[in-house]
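FYI, it's all coordinate maths here, none of it is from the lab. Bear in mind that the values here come from a model prediction, so they are computed numbers and not experimental data. Quick reminder, even Gly has a Cβ in these numbers, built from the backbone with ideal geometry, and neighbours come from all protein chains shown.
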Amino acid sequence: MLAALAIDLDAVALRLAIDVAAIAVLSIGLSYRRHRRRDLVVLQVIFNVGLFASVVVIAGGDIAAAVGFGLFAVLSIIRLRAETLANADIAYFFAAIVLGLVAAVDLGGAEANALLALLVLAAPAVIDHPRLLADHQRTEVTLDVASGDPEALRRLTEERVGGRVVRLEVLAVDFVREVTRVQVLIADRRGERR
């Protein structure tokens, strides 16, 4: 069957090795170490390997590319709608898919595949590094006071959440029930190195 697909197994094996190394760095070395989400590592690796295999089959056979990419689009929508993912989780998921695509396509030499994989890995390695950008928790808080005074609300919120409020936005003030809803960014207090 592989002969019918006109696939150069040595070239595919080399690109697969690049893909496996790249997805391991992305999913385990970066995503898991920084965010501790085993379920997302499983998601990233399976989608990556699935995309790699699909692109190899599509490129080597008589299958229309739209069929393969349409299948992955449907699967992505179903999976991503099943759980609300944080923006960083979506970024890692997208990088995992891109790595599968970049490694699977024959670009005329494994060096080009490896260089593009390194580029895709460099983006989350740098931009998601905890020393580059401060990490803040964003949350919505309902306070048991009715007030429009941002400074008073900031002090009260800091007291309640036990952290420094970096930004506060008043969402609603209900004078009847005597509550105020605010959305806040709280400075990361973990101080852990990743």
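Using 0.36 nm per residue and subtracting the Cα-Cα separation, the extra length available between ALA17 and ILE90 on full extension is 23.8 nm.
Computed from backbone phi with θ = phi - 60° and the Karplus coefficients 6.51, -1.76 and 1.60, the 3J(HN,Hα) list for the range 43-56 is 4, 4, 5, 5, 5, 4, 5, x, 5, 4, 4, 5, 5, 4 Hz; x is used for glycine and proline. Stretching ALA53 away from ARG36 to a fully extended chain increases their span by 3.4 nm, per 0.36 nm per residue minus the current alpha-carbon distance. Taking the square roots of five times each eigenvalue of the Cα gyration tensor of the range 136-187, the equivalent ellipsoid has semi-axes of 18, 10, 9 Å, listed largest first.
Taken along the Cα-to-beta-carbon direction at a fixed 7 Å, the label points for ARG155 and ARG131 span 3.8 nm. Fully extending the segment from ARG181 to THR142, taken as 0.36 nm per residue of separation minus the present Cα-Cα distance, adds 13.6 nm. Candidates LEU156, ALA146, ALA187 compared by Cα position along the dipole of the range 136-187: farthest toward the positive end lies ALA187, with charges placed on Cβ. A Cβ-based charge dipole, computed about the Cα centre of the range 136-187 with Lys and Arg at +1 and Asp and Glu at -1, lands at about 220 debye.
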